[in-house]
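Enquirer: The following block contains the structure, expressed as structure tokens.
The values are calculated or read from the model by the stated rules, or taken from the named source; none is laboratory data. Keep in mind the model is a prediction, meaning the values are calculated, not measured. Cβ placement follows ideal geometry from the backbone for every residue including glycine, while neighbour counts extend to all protein chains displayed. Accessible surface areas use protein heavy atoms only, side chains included; no ligands, DNA or RNA. Shrake-Rupley method; radii C 1.70, N 1.55, O 1.52, S 1.80 Å.
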Amino acid sequence: MERFSPADIFGGDNVGVSGQIGMLWQQVRTPLIVPLLKVMVIVCLGMSLMLFVERVYMGIVIVLIKLFGWKPENKYKWEPMKEDLELGNFNYPMVLVQIPMYNEKEVYQLSIGAACGLSWPADRIIVQVLDDSTDPAIKALVEQECRRWASKGINIKYEIRENRNGYKAGALKEGMKHSYVKLCDYVAIFDADFQPQPDFLCRTIPFLLHNSDIALVQTRWKFVNSDECMMTRMQEMSLDYHFIVEQEVGSNTCAFFGFNGTAGVWRISALNEAGGWKDRTTVEDMDLAVRASLKGWKFVYVGHVKVKNELPSTFKAYRYQQHRWSCGPANLFRKMAMEIVRNKKVSLWKKFYLLYSFFFVRKIVAHLVTFIFYCLVLPATVLVPEVQVPKWGVVYIPSIITLLNAVGTPRSFHLLIFWILFENVMSLHRTKATFIGLFEAGRVNEWIVTEKLGEIKAKLGSKVSKKPRFRIGERLHILELFVGLYLLFCGWYDMVYGRTRFFIFLFLQSIAFFIAAFGYIGTFVPAS
């Protein structure tokens, strides 16, 4: 088949706008486009190799963990809590349970009820509800729920503040200032949609009680609405890899893993030594974990302890969450890179792991290469046949990385193609957020609480519709639309004039971007 250039498409020597575009393309193609695209391919292949090595390394470690049956109870001292006739309940340490919330009408009863149902002596636990709600009706409901539990003998404190400075970090920091907190040794933190099992403290506190060098016990998340829609299934696949592989590897290699902001227990003295809560980024949990790690404290991940919670099931909520989760780490990397390098309390291995593996590869490279390579550079090579991408970079490495990512959720293995397309769509927002964090641009400190529908409503379908009315102003996403059109054009050009057969992938990916662009993804909640 005869090859054509974009100049031929736009009109070549014909007079008019299309001809002028074609002539301009020919003038800039050889001296500018080809060299630039070659450099971009080399850079992207380099980032792909970084991500590949990282995934293979973690895959090897997790296989060793499973083969040798490594468990935190074997590595650290752990003994079940026992009754002491002489000491009575004083054998149990004082524990503070913090529940930060903001207008959580759908889930406040679930989280407060679960915290008040923890099997721990009533006189050795304080439940602290930190309510930043701005809706007076919701505040009244939360306060009433706290009073209801207090009437049952639960030591529960309802705390509010005059402003929302610092958002969640500000609320947690303010909560630690109350005089009764000084009585507590440990603090367990649960977001408003998290529901710990009654034995949560009995299974986690012993690690802190018997190992004075441990600052944090992090547990795994269990998703109650993962089957709500295709989008929640995709989230489950990504988060399962994070918990089953990334957290396990960081914990078992004594390197580092981040606090997930909830479903964890902190030693209060370690929290204070690290400098307490700071609101300088949108990932206050990761910020605290890094600072505590640099002080020499150890963390333990207990994957067999699972805490029920809810995944964001609306596309709008998920986009805001992913912006926060991508922008915050990049911004924290910018702020703490030199502090990590200069630190003298931790080993060179831990500093390398933190800077290169945890931050650079996972929080920056993983986002950039997914969008820039697969959604921009690779499609562009269709238009510039002088630039070719080796087969190992297009097929082998991406396939291995994808398979390694999917091992955490075998029940969704048949959805692998959909997961790839969805992750590429979300990489657009993650890449944008990463650049915002690195360069501290406009939305760097944007904090929007993830909307929750509540476990009960998700199961019963109350006020939930999957056939919404189309409203262009509310549901059209311009960035996804432009990328979808770009991929569609590249796919069409490759099908008609190219030889790479990339058009199969490009058409599928463009469809995924169009679905997101017009808002046909996730659960839909009518405005009224």
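Enquirer: Quick one: check the C-alpha center-to-center distance for the stretch 319-377 versus the stretch 206-257, whole angstrom.
Expert: Spelled out, the Cα-based centre of one part sits 18 Å from the other.
Enquirer: Can you tell which of 312, 514, 302 lies farthest toward the positive end of the dipole of the chain, using +1 and -1 charges on the Cβ of basic and acidic side chains (Lys, Arg; Asp, Glu)?
Expert: 302
Enquirer: Continuing with the same structure: Tell me which residues come under 5 Å, amide H to amide H, from residue 308 once H is placed; ignore anything under 5 positions away on its chain.
Expert: 195, 197, 222
Enquirer: Under a Cβ-only charge scheme (Lys and Arg +1, Asp and Glu -1), can you give me the dipole magnitude of the chain about the Cα centre, in debye to the nearest 20? Show your work: numbers first, answer last.
Expert: Working: 62 positive and 47 negative charges, 83 e Å.
In total the dipole reaches around 400 debye.
Enquirer: Show that you can apply the helix-only estimate: for the chain, add -39,500 (n - 2.57) for every DSSP H stretch of four or more residues, divide by all residues, and state [θ] at 222 nm to the nearest 500.
Expert: Numbers: 22 runs with 258 residues, N = 528.
So the calculated ellipticity at 222 nm is -15000 deg cm²/dmol.
Enquirer: On to the next question. Collect residues whose amide H, placed 1.01 Å from N in the peptide plane, falls under 5 Å from the amide H of residue 523; neighbours closer than 5 in sequence don't count.
Expert: 314, 315
Enquirer: Another one. Taking R0 as 22 Å, what's the FRET efficiency between residue 148 and residue 202 from their Cβ-Cβ distance, rounded to 0.05?
Expert: Numbers: r = 25 Å, r/R0 = 1.13.
Calculated transfer efficiency: 0.30.
Enquirer: Compute the Rg/Rh shape ratio of the stretch 144-300: radius of gyration over Kirkwood radius, all on alpha-carbon atoms.
Expert: Working: Rg = 16.7 Å, Rh = 17.2 Å.
Answer for the stretch 144-300: 0.97.
Enquirer: Something else: Points 7 angstrom from Cα along the Cβ direction at residue 39 and residue 438: gap in nanometres?
Expert: Going from the residue 39 label point to the residue 438 one covers 1.5 nm.
Enquirer: What does the convex hull of the Cα atoms come to per residue for the chain, in Å³? Provide the component values of the computation, followed by the final result.
Expert: Working: hull volume 89.9 nm³, N = 528.
With only Cα atoms used, the chain gives 170 Å³ per residue.
Enquirer: A further question follows. What is the packing order of peptides 193-206, 268-281, 138-151, taking the mean over residues of other C-beta atoms within 10 Å and listing the highest first? Can you show the working numbers first?
Expert: Working: 193-206: 20.2, 268-281: 17.6, 138-151: 15.9.
Top of the packing list down: 193-206, 268-281, 138-151.
Enquirer: Just the Cα atoms of the stretch 251-308, one point each, no solvent: what log10 I(q)/I(0) does Debye give at q = 0.20, 0.21 Å⁻¹?
Expert: For the requested q values the scattering log ratios are -0.76, -0.83.
Enquirer: With point charges of +1 on the Cβ of Lys and Arg and -1 on the Cβ of Asp and Glu, referenced to the Cα centre of the chain, which listed residue (226, 268, 373) lies farthest in the positive direction of the dipole?
Expert: Checking the options against the dipole of the chain, the answer is 373.
Enquirer: Here is a follow-up. What FRET efficiency comes out for the pair residue 518/residue 417, r = Cβ-Cβ distance, R0 = 25 Å, nearest 0.05?
Expert: On the way: r = 20 Å, r/R0 = 0.82.
Once rounded, the FRET efficiency stands at 0.75.
Enquirer: I've got another one for you. How big is the C-alpha Rg of the stretch 163-241 next to the rule-of-thumb value 2.2 N^0.38 Å, as a ratio?
Expert: Numbers: Rg = 16.4 Å, N = 79, 2.2 N^0.38 = 11.6 Å.
Relative to the rule-of-thumb radius for its length, the stretch 163-241 sits at 1.42.
Enquirer: Taking the inverse of the average 1/r across all pairs of different Cα atoms in the stretch 239-383, what Kirkwood radius in Å do you get? If you can, show how the numbers build up before the last one.
Expert: Numbers: mean 1/r = 0.0598 Å⁻¹.
About 16.7 Å for the stretch 239-383.
Enquirer: Still on this structure, I have one more. Over 25 Å, how big is the tail of the calculated P(r) for the stretch 328-439, in percent of all Cα pairs?
Expert: More than 25 Å apart: 38 percent of the Cα pairs in the stretch 328-439.
Enquirer: Can you quote the Å³ per residue value for the convex hull of the Cα atoms in the stretch 19-176, rounded to an integer? Write out the running numbers ahead of the final one.
Expert: On the way: hull volume 42.3 nm³, N = 158.
Each residue corresponds to 268 Å³ of Cα convex hull volume.
Enquirer: Still on this model: For the stretch 478-489, just list the computed ³J(HN,Hα) in residue order, Karplus coefficients 6.51, -1.76 and 1.60, θ = phi - 60°, integers in Hz, with x standing in for Gly and Pro.
Expert: Running phi through 6.51 cos²θ - 1.76 cosθ + 1.60 with θ = phi - 60° gives 5, 4, 4, 5, 5, 5, x, 5, 4, 5, 5, 5 Hz.
Enquirer: Spelling out what I want: for every residue of the stretch 244-249, take phi, set θ = phi - 60°, compute 6.51 cos²θ - 1.76 cosθ + 1.60 (Karplus), and round to whole Hz; glycine and proline get x.
Expert: For the stretch 244-249, the Karplus curve yields 6, 10, 4, 5, 4, 5 Hz.
Enquirer: Using 0.36 nm per residue of separation minus the Cα-Cα distance, give me the extension gain between residue 212 and residue 400 in nm, one decimal. Walk me through the numbers on the way to the answer.
Expert: Numbers: separation 188, 0.36 × 188 = 67.68 nm, distance 4.05 nm.
Taking 0.36 nm per residue and subtracting the Cα distance, the gain is 63.6 nm.
Enquirer: Oh, and also: Volume per residue, Å³, of the convex hull around the alpha-carbon atoms of the stretch 310-384?
Expert: Numbers: hull volume 10.4 nm³, N = 75.
Convex hull volume per residue, Cα atoms: 139 Å³.
Enquirer: Please determine, in degrees from 0 to 90 and to the nearest 10, the orientation of helix 136-150 with respect to the longest principal axis defined by the Cα atoms of the chain, where the helix direction is its Cα long axis.
Expert: 40
Enquirer: Give, rounded to the nearest 20 debye, the magnitude of the charge dipole that the stretch 306-395 has about its Cα centre when Lys and Arg contribute +1 at Cβ and Asp and Glu contribute -1 at Cβ. Provide the component values of the computation, followed by the final result.
Expert: Values: 15 positive and 3 negative charges, 138 e Å.
So the dipole magnitude of the stretch 306-395 works out to roughly 660 debye.
Enquirer: Further question: Quick one: Karplus J couplings for the stretch 111-121, per residue in order, coefficients 6.51, -1.76, 1.60, θ = phi - 60°, nearest Hz, x for Gly and Pro?
Expert: Values, residue by residue: 5, 5, x, 5, 5, 6, x, 5, 7, 8, x Hz.
Enquirer: Among 482-495, 411-424, how do they line up from the highest to the lowest mean number of other beta-carbon atoms within 10 Å? Don't jump to the answer; show the numbers that get you there.
Expert: On the way: 482-495: 19.8, 411-424: 16.9.
Listed from highest to lowest mean packing, they are 482-495, 411-424.
Enquirer: What number comes out for accessible area per residue over the chain if the probe is 1.4 Å? Units Å², please.
Expert: On the way: 23950 Å² over 528 residues.
Heavy-atom SASA per residue in the chain reads 45 Å².
Enquirer: For the pair residue 499 and residue 140, what calculated FRET efficiency results from E = 1/(1 + (r/R0)^6), where r is the Cβ-Cβ distance and R0 = 56 Å, to the nearest 0.05? Mind showing how you got there, number by number?
Expert: Details: r = 67 Å, r/R0 = 1.20.
That pair, residue 140 with residue 499, gives E of 0.25.
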